[in-house]
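Every read-out reported here was derived from the displayed coordinates using simple, explicitly stated rules and does not represent laboratory data. Owing to the predicted nature of the structure, the values given are computational and were not obtained by experimental measurement. Every residue, glycine among them, receives a Cβ derived from its backbone with ideal geometry; neighbour counts consider all protein chains shown.
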Amino acid sequence: MYYGFAAGVDSKLKASKIMRIKINEIPEQGLELNLDIPAGSIDVSDIDEGFLGDVRFAGNISVSRRRFTVSGKMNGLWNLRCARCLKKITSPVKSTFQVFLTPSIPPDENRIRGLKDDDMDESVLIGNEIDMNQILREQMILHLPMKPICSTSCRGLCPHCGKDLNLGSCGCDATPADPRLAKLKEFLDRKGE
Ligand SMILES: [Zn+2]
Ligand SMILES: [Zn+2]
């Protein structure tokens, strides 16, 4: 079975339909996925400005003993602000990943069965749907840059007047206060009293 669609006028509608895949509709031989998710369909409003562009995913869902494996390649784009000068920047994300999902089982059954060590990196599937939106959101967040910068040579903002120093200097005293010099000045000042 093949799920996929080309970007078009109704891609948003199709995307919202396709983002949740009912596990009882996944055939034994697995499901091929080719998703082109329009910008803004994955909610990352709690992070920064969300995605700038489409997020693409090409991969598949395979089934083995009621366990589902989502694997494939994701391409996305973070829309962020430079940590130094606050300018808007985009940061491409490429990720090849594999996510294991086990349908949730009642707690007592879980106890009888016992949890093996290799169950630890599995996610428990809540409900009877695989939420691709959620999986891709997690992957994007995993690749969120800690300190995005527009360029390694970005000079940032002046801590005194806030001017973007990439556009030129501002005339503020940029000499960093050296604690050793401050001590010496203090000593000399006292000597002169
Ligand atoms: Zn910058
Ligand atoms: Zn300044």
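A few comments on the model shown:
- Integer Hz, Karplus 6.51/-1.76/1.60 couplings in order for the stretch 65-81, x for Gly and Pro: 6, 6, 10, 10, 10, 9, 9, x, 10, 10, 10, x, 9, 7, 10, 10, 10
- Proximity of backbone amide H atoms, modeled 1.01 Å from N, is registered between V93 and G76, L77, W78 at under 5 Å, excluding neighbours fewer than 5 places apart on the same chain.
- Here r is the Cβ-Cβ distance between T90 and E25 and R0 is 25 Å; the resulting FRET efficiency, rounded to 0.05, is 0.10.
- Chain lengthening between F100 and T69 when straightened (0.36 nm per residue, less Cα-Cα): 10.7 nm
- Fewest-first ranking of C158, C82, using other Cβ atoms within 10 Å as the exposure measure: C158, C82
- Computed lengthening from T152 to S45, 0.36 nm per intervening residue step minus Cα-Cα distance: 35.8 nm
- Between the amide H of D54 and those of A39, distances stay under 5 Å, these residues lying 5 or more places away or on another chain, with hydrogens modeled in the peptide plane.
- Close amide H pairs (under 5 Å, H built 1.01 Å from N) link V44 with F51, residues at least 5 positions away or on another chain.
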